[in-house]
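First comes the structure, then the notes that go with it.
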Amino acid sequence: VNDFVPFNRYTNSPVANYKGSLFNLPFNMNTFHQLWGVKTPSEAKNIIEEQSKKHQTKKPQNLEEQALSLVGEDIYYKLIKGYTEKQWGRKATELPAFIIKRLPVRFTFDNNYFNDSYQGIPIGGYNELTGGLLEGIDVQLGVNYFKDKVALDGMAHKTVFTGKIDEYYGYEFGKLEYRGLRFAHEVLDIENFQGNAVINYTAVEIPYTRILEHKHFEFGQQKKTVITKEFPLEASTELEPYYPINNDKNNSKYLKYKNKASKDLVIFGGRLAEYKYYDMHQVIGAALAKTKKLFDN
Ligand code: UDP
């Protein structure tokens, strides 16, 4: 991707606001100090062990059990439960455990949200990347693929479909559920609203999950600032879907679609077509792997 656009040195280090108190994320020594005043890893480990040992009786069956057995009660109730239930619109006991496994727990003073060696935001934004990828390629917007499928498929040797896989197959095995988002943007006449790109609001009483302040992704020096509140909601047929809801019910439906797709000439890719909670780098990896397979055959 660096062939298309250089990346800056942005490091994601969200801060959580729980009822007015601030905590560093992901869960690390800074968070443990803010929660309990502890200063050493062994003090922090003792508290987490004390709070989590009674939850470690069996293999975690859902997100709540997974989180309680991993980080204990204080962290779960202050920093995970409210955020998770808002984000997914479901009880944490009805959500799969793997969602929370993406968050690291560290006994070092390290607020980097990710463990990857390389991290950054494309300089000038993701439009630079998509612009680079599409250079020299004809693009038509505002086209309903399903209305004109035969003619559109006829234009190409291969079709890559990145929309909802259940819609592609006319919902024949039933609808898959997706979570959507409403973004509320505001331009403020101040230079710096929150001092960080991302602040999560982890209490269930606040209807949005996080506030983004865009200039901090790019170290902007503008006199004004733009913020966005993210309100999660259930995606419907009309609302744009963002996240697959990978619980057992949806996953077993998806397997039926996947089986059908494996016999199809169309290539399915991305969060909606593979019904998978992909991160950006995983999407790029999956696309490269698929392309390689295609050209090698
Ligand atoms: N999460 C949480 N508290 C937080 C941030 C994340 O409990 O303050 C959990 C929550 O279950 C969420 C998951 O971690 O669904 C992944 O969140 P993240 O913000 O990393 O996902 P993104 O929306 O950026 O893909």
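The values are calculated or read from the model by the stated rules, or taken from the named source; none is laboratory data. Being a predicted model, the structure only gives us computed values, none of them experimental. Reconstructed Cβ throughout: ideal geometry from the backbone, glycine too, with neighbour counts over all protein chains shown. Side chains included, ligands, DNA and RNA excluded: accessible areas come from the protein's heavy atoms. Shrake-Rupley method; radii C 1.70, N 1.55, O 1.52, S 1.80 Å.
Things worth noting here:
- Pair list, Cβ under 8 Å, 6 or more apart: region 76-102 residue within 24 Å of residue 30 (Cβ to Cβ) and polar (S, T, N, Q), other residue in a helix (DSSP H, G or I) and open to solvent by 10 Å² or more (accessible area, probe 1.4 Å): 84/99; 84/100
- Odd one out for residue 132 among (1) at pLDDT 95 or above; (2) within 28 Å of residue 273 (Cα to Cα): (1)
- Of the strands (runs of 3 or more DSSP E) lying entirely inside region 199-289, those carrying at least 1 residues that are touching a Leu at 6+ places or on another chain (Cβ under 6 Å) are 225-234, 241-244.
- Residues of region 101-131 satisfying the condition of being assigned to a helix (DSSP H, G or I), farther than 26 Å from residue 179 by Cα and touching a strand residue (DSSP E or B) at 6+ places or on another chain (Cβ under 7 Å): 128
- Of residues in region 67-80 being within 10 Å of the ligand (Cβ to nearest atom) and touching a Lys or Arg at 6+ places or on another chain (Cβ under 9 Å), the one farthest from residue 249 (Cα to Cα): 78
- Options 156, 151, 184: the member that is at pLDDT below 90, out of contact with any helix residue (DSSP H, G or I) (no Cβ under 7 Å at 6 or more places or on another chain) and away from the ligand (no atom under 14 Å from the Cβ): 156
- All positions within region 1-30 that are open to solvent by 50 Å² or more (accessible area, probe 1.4 Å) and within 20 Å of residue 106 (Cα to Cα): 11, 22
- Residues that are open to solvent by 20 Å² or more (accessible area, probe 1.4 Å) and either among the basic types (Lys, Arg) or within 20 Å of the chain's Cα centre (by Cα) (or both) within region 61-85 comprise 64, 78, 81, 83, 85, listed in sequence order.
- The residues on offer are 34, 56, and the sole one that is open to solvent by 70 Å² or more (accessible area, probe 1.4 Å) and at pLDDT below 95 is 56.
- Some residue of region 89-100 being touching an Asp or Glu at 6+ places or on another chain (Cβ under 8 Å), at positive phi, more than 9 Å from the ligand (Cβ to nearest atom) and not in a helix (DSSP H, G or I): yes
- Qualifying positions in region 19-43 - more than 23 Å from residue 203 (Cα to Cα) and not in a loop (DSSP other than H, G, I, E, B): 41, 42, 43
- Residues located in region 197-216, provided they are more than 13 Å from the ligand (Cβ to nearest atom) and crowded, with 17+ Cβ neighbours inside 10 Å: 213, 215, 216
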